[in-house]
Amino acid sequence: MQHEEITSLLGDQAEYLLQHVCLKIPKDMLTTPSGDHVQKVFTQSDRSAAVQKNLDRLYKTGRLANTGYLSIFPVDQGIEHTAAYSFYENPLFFDPEMVLKMAHEGGCNGVASTLGVLGLVAKKYADTVPFILKVNHNELLTYPTKHDQVVFASVRQAQEMGAAGVGATIYFGSPESDRQLVEIARIFEAAHQVGLFTILWCYPRNERFSMSGHDYNGAVDVTAQANHLGVTIQADIIKQKLPNALRAFPDLNFSMRDEAMYERLLTNHPIDLVRYQVAHCYMGKIDLINSGGEAQGESDLQEAVRTAVINKRGGGAGLIMGRKVFKRSFEEGMQILHAVQDVYLDQQITVA
C-alpha cells in the first residue's frame, strides 16, 4: 500500500493525524523504534545473551524485519472469547495450522497463541516464525461469568516447544490483580532465566471503572500506569489497548494525581494519548504495541490503518492484531496485515 492509499483511508482525519506534532512530551525525549533496538536498549541490561538473541530474532522476522517495528498475530480468543464465537465467521481458524500459516504468509514478526495451538504445530513452524506462548487466559465456562486470568502453561513447555518468548495478561485493578502480579512476575523471571523474552498484556479490568456511560478501563491514566507496572516486572514488550481521553483518577476519585500532571504531559489528541502510554514504558525503551481492536466489518481496514498511524506517530512499536484478521477470509485478513505493516514501512509517516 502506497502513501497516497494510506492517506486516502484516513479520509478527513489525514491532516489531523499526519501533521500533528507532540509538544508536551517531544520525540527527542524518547527512545524511538530502530533496527538496533535490542542492542541499544538491552546490551547494558540484566537480560542474558539468550534473551537478547530471541528478541533479535523477533525483530528480524517478517516484512518489518530490521525496522524496529513489530506486527504480531495473536489468536487466544478461542479461550478468551469462546471458540465458536471467535471462529464462526471463518471456521478454518479452528485449525492451529491456519493460525501459523497466516502469521507466516502474512509477514508477521511473531505469533502469540495457546499451548494447544502452538504445541500441535511446533515441529513444523517453530523455526519459521517466532512463537510467543500465552501462559494464562480468562476462561468463560464458569457460571456466573468471572473475569480472572488463570495459568494454563509453563515456561518449561514454552522452552521445549521452541518458543522464543512467553506472553501473559494481568487484569490490573481487578480484585485478583495482586495474585496475577505475583504469578506473572515469577513466570517472567523463570522465562528470562532460560532465555525467553516476555510480553505483558497490561489490561485494566474492574467493573467499577465503568460508570455513567463511560468506560474508564481504557482511560489514558489507568492504561499508562498499567504499562508502568508491566515494565516494572521486566516485560520486554508491553501490549496495551489504544487509550481514550478519559481521566479515571480524578473522575473516580482514586489513586495519586495532580491536575498539573495532565496539563504538563497530555492533550486529548489521540497521538498525544499514545505518547503518554509510551512515556510510561521507560520513555520508549520498552516497546509499546497497541492491540488492533474488535472486528467491526467493512471499516476494519480503515480502522487498522488509523490505529497503526496513531501508534507509530505516538512513538509506539507496532500492532498486535488478531480479530480483524481471522474473522475474514484468508486473503482479506492478509491484506489487512500487509496494510498495517505498510504504515510502518512508510518513511513519510514519522514519529510526531
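Before moving on, here are some points about what is shown:
- Residue ID - nearest to the chain's Cα centre (by Cα), chosen from residues in the stretch 292-309 that are modelled with pLDDT under 95 and polar (S, T, N, Q): GLN296
- Verdict on ILE6 being surrounded by 15 or more Cβ atoms within 10 Å (Cβ to Cβ), touching a strand residue (DSSP E or B) at 6+ places or on another chain (Cβ under 6 Å) and either β-branched (Val, Ile, Thr) or not in a loop (DSSP other than H, G, I, E, B) (or both): no
- Leading residue by the ranking (surrounded by the fewest Cβ atoms within 10 Å (Cβ to Cβ)) among those in the stretch 70-85 that are outside any strand (DSSP E or B) and small (Gly, Ala, Ser): ALA84
- The stretch 28-48, residues that are part of a helix (DSSP H, G or I), without any contact (Cβ under 8 Å) to a residue 24 or more places away in the chain and surrounded by fewer than 19 Cβ atoms within 10 Å (Cβ to Cβ): ASP28, GLN39, LYS40
- Only listed residue being among the small types (Gly, Ala, Ser), touching a residue at least 24 places away in the same chain (Cβ under 8 Å) and farther than 29 Å from ILE310 by Cα, chosen from ALA168, ALA191: ALA191
- Scanning the stretch 259-281 for residues that are surrounded by fewer than 17 Cβ atoms within 10 Å (Cβ to Cβ) and assigned to a loop (DSSP other than H, G, I, E, B) turns up just one, ASN268.
- Search result, residues across the stretch 211-258 that are of a type in the set (D, E, K, R), part of a helix (DSSP H, G or I) and under 23 Å from the mean Cα position of the chain (by Cα): ASP221
- The residues in the stretch 15-63 that are aliphatic (A, V, I, L, M) and in contact with a Pro (Cβ under 8 Å, 6 or more places away or on another chain) can be counted, and the count is 2.
- Going through (1) in a helix (DSSP H, G or I); (2) under 25 Å from LEU273 (Cβ atoms) one by one, LEU58 falls short only on (2).
- Taking the stretch 293-352 as the range and being surrounded by fewer than 19 Cβ atoms within 10 Å (Cβ to Cβ), charged (D, E, K, R) and not in a helix (DSSP H, G or I) as the test, the residues that pass are GLU294, GLU298, ASP346.
- HIS20 vs. criteria within 24 Å of ALA339 (Cβ to Cβ), surrounded by 13 or more Cβ atoms within 10 Å (Cβ to Cβ), touching a strand residue (DSSP E or B) at 6+ places or on another chain (Cβ under 9 Å) and in contact (Cβ under 8 Å) with a residue 12 or more places away in the chain: no
- Members of the stretch 194-213 that are among the β-branched types (Val, Ile, Thr) and surrounded by 17 or more Cβ atoms within 10 Å (Cβ to Cβ): THR198, ILE199
- Filtered residues of the stretch 227-258 (kept if surrounded by 24 or more Cβ atoms within 10 Å (Cβ to Cβ) and among the basic types (Lys, Arg)): LYS239
- The number of residues in the stretch 214-239 being under 17 Å from ALA279 (Cβ atoms) and of a type outside the set (Val, Ile, Thr) comes to 11.
- Pairing residues of the stretch 237-249 that are on the phi > 0 side of the Ramachandran plot with residues that are in a strand (DSSP E or B) and surrounded by fewer than 19 Cβ atoms within 10 Å (Cβ to Cβ), at Cβ distances under 6 Å and at least 6 apart in sequence or on separate chains, gives no pairs at all.
The values are calculated or read from the model by the stated rules, or taken from the named source; none is laboratory data. Because the structure is a prediction, the values reported are computed rather than measured. Counting neighbours? That spans all protein chains shown, and the Cβs are built from the backbone with ideal geometry, glycine included.
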